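What follows is one structure encoded as structure tokens, with my remarks underneath.
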């Protein structure tokens, strides 16, 4: 077994072990009869609102990506939303967030562009999300007392986001200087080396092409809409389950779950999602059995529509999951 293959296997095993440990802790000493009664009393009207807002959040993500891809060419928001849902579906069934690479590949295929050209738009998505997450944490802290460790983590996260924002602005403002200087052309013997050396420059060019335009500005504010939809989705399901907590407490727990599941892990974030959901709710005085029951309900309610829409989106892309995996392997081999 090659080193790369062994590392991949170890990462997958570690992801599943973390997921299993999270589930064991969450469901230890859980009163399942109480959970069952709470599920039977579920307010399906509020639950349906939660699902609707969750779907709207991913539609917003698709529209945001449509705006950020403008410098590459024209692609409709329905297509970008289809790619988003296809990637999410793959993330639900495969570990380590492979769906992120898959959705970039789909867009590159539909737009007849190289995958590397698509990456800057996805990086800008993450930067915009980071800015709004840091801002959301600060606003939430004004309405509800947050754990000290979370506030400290938020401060560090905010500094990282600030540094990344500065780096992106530097690349954008550097455009005029880069274009006025004479670029020396050095011959490269190996095509592989030439391709690898060209990647940073192409990524930088992608950032500069996105720049500060009306499209990128609109995408920045659509990112806020995305998080508002997701926070309301989480809160509506919370209310449907019978947890009568304020929107700001719901937003705080949503942020804790979002931070906790940010790193690649098991498919669908199973285990870590429930773990941070329970941790967040118990910080605000919710009894563990109620928190564990809610972690199951919100996970199922918000995951099943994603599976259904994602399965349909991937099916309509004209590619199977196996075909996408094979083409991604070919891309890595060529890189």
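Values computed for the structure shown
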quantity: Test: residue in the range 161-172 that is modelled with pLDDT under 80 and either surrounded by 13 or more Cβ atoms within 10 Å (Cβ to Cβ) or under 23 Å from residue 55 (Cβ atoms) (or both); calculated: yes
quantity: Criterion (assigned to a helix (DSSP H, G or I) and either in contact with a helix residue (DSSP H, G or I) (Cβ under 7 Å, 6 or more places away or on another chain) or surrounded by fewer than 20 Cβ atoms within 10 Å (Cβ to Cβ) (or both)) met by exactly one of 262, 291; calculated: 291
quantity: Exclusive hit being touching a residue at least 24 places away in the same chain (Cβ under 8 Å) and assigned to a helix (DSSP H, G or I), set 42, 46, 17; calculated: 46
quantity: Hey, residue 75 in a helix (DSSP H, G or I) and either on the phi < 0 side of the Ramachandran plot or in contact with a strand residue (DSSP E or B) (Cβ under 7 Å, 6 or more places away or on another chain) (or both) or not; calculated: no
quantity: Only listed residue being in a helix (DSSP H, G or I) and without any contact (Cβ under 8 Å) to a residue 24 or more places away in the chain, chosen from 161, 156, 168; calculated: 156
quantity: Test result for residue 133, under 17 Å from the mean Cα position of the chain (by Cα) and under 26 Å from residue 257 (Cβ atoms); calculated: yes
quantity: Total residues in the range 269-279, condition closer than 12 Å to residue 23 by Cβ and part of a helix (DSSP H, G or I); calculated: 7
quantity: Residue in the range 320-331 that is part of a loop (DSSP other than H, G, I, E, B) and touching a helix residue (DSSP H, G or I) at 6+ places or on another chain (Cβ under 6 Å) present; calculated: no
quantity: Filter result (surrounded by 22 or more Cβ atoms within 10 Å (Cβ to Cβ) and under 21 Å from residue 14 (Cα atoms)) within the range 93-104; calculated: 99
quantity: Of all residues making up the range 218-259, the number that are outside any helix (DSSP H, G or I) and touching a residue at least 40 places away in the same chain (Cβ under 8 Å); calculated: 4
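A quick yes/no check of all residues on (1) at pLDDT below 95; (2) surrounded by fewer than 20 Cβ atoms within 10 Å (Cβ to Cβ); (3) within 18 Å of residue 120 (Cβ to Cβ):
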{"residue": "49", "(1), (2), (3)": "no, yes, no"}
{"residue": "66", "(1), (2), (3)": "no, no, yes"}
{"residue": "78", "(1), (2), (3)": "no, yes, no"}
{"residue": "81", "(1), (2), (3)": "no, no, no"}
{"residue": "91", "(1), (2), (3)": "yes, no, no"}
{"residue": "106", "(1), (2), (3)": "yes, no, yes"}
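The values are calculated or read from the model by the stated rules, or taken from the named source; none is laboratory data. Just so it is clear, the structure is predicted and the values come from calculations on it, not from any experiment. Counting neighbours? That spans all protein chains shown, and the Cβs are built from the backbone with ideal geometry, glycine included.
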